[in-house]
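See structure below.
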Amino acid sequence: MPVLSDKQKEQVRKKINEQIHESEKELIILKEVTAAVAPDNSIGRISRMDAINNKSVNDAAYLNTRNRLKQLKNVIDKVDEDNFGNCVRCGHPIAFERILIMPEKRVCVNCSR
Ligand SMILES: [Zn+2]
């Protein structure tokens, strides 16, 4: 017996596609933001340090989003598997709300702690 009904699978697939689309848009923006830190002479020392700090935050966000996008694209093929919706660690069903919010995480709340 599949864990999710066809209707639920359809909902999950739709969510994954939405999130893939959002992540792709986000990546384009982050790529522009992380492209360059202005040279020394154009801004003061403090704001240059700010810019560098922001850059490392944005770089991390970029890597996170890129990673998530990869996971989302990977998980969309798994929705049809019968055990999709069960935690891959403990085997218990994952709350459907959680699947919709974080479809790329295949573990339940307890196991993700
Ligand atoms: Zn679990």
Notebook entry, point to check: Looking at this structure, is PHE84 among the aromatic types (Phe, Trp, Tyr) and touching a Gly at 6+ places or on another chain (Cβ under 8 Å)?
Noted result: no
Notebook entry, point to check: So ASP59 fits all but one of (1) within 19 Å of LYS105 (Cβ to Cβ); (2) surrounded by 13 or more Cβ atoms within 10 Å (Cβ to Cβ); (3) away from the ligand (no atom under 16 Å from the Cβ); (4) touching a residue at least 24 places away in the same chain (Cβ under 8 Å); what number is the exception?
Noted result: (1)
Next item on the list: Within region 62-73, work out how many residues are over 12 Å from ARG13 (Cα atoms) and either within 16 Å of the ligand (Cβ to nearest atom) or not aliphatic (A, V, I, L, M) (or both).
Entry: 8
Notebook entry, point to check: Is it true that some residue in region 44-55 is surrounded by 14 or more Cβ atoms within 10 Å (Cβ to Cβ) and either acidic (Asp, Glu) or under 24 Å from ARG113 (Cα atoms) (or both)?
Noted result: no
Checklist line | Cβ pairs under 6 Å, 6+ apart, first in region 1-20 and over 11 Å from LEU100 (Cβ atoms), second in a helix (DSSP H, G or I) | finding: ILE20/LEU72
Checklist line | The listed residue being closer than 17 Å to LYS14 by Cα, of a type in the set (A, V, I, L, M, F, W, C) and within 16 Å of the ligand (Cβ to nearest atom), out of ILE94, ILE76, ILE99 | finding: ILE99
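Every number here is computed from the coordinates shown, using simple stated rules; none is lab data. Since this is a predicted model, take the numbers as computed values, not measurements. Glycine also receives a Cβ, built like all others from the backbone with ideal geometry; neighbour counts cover every protein chain displayed.
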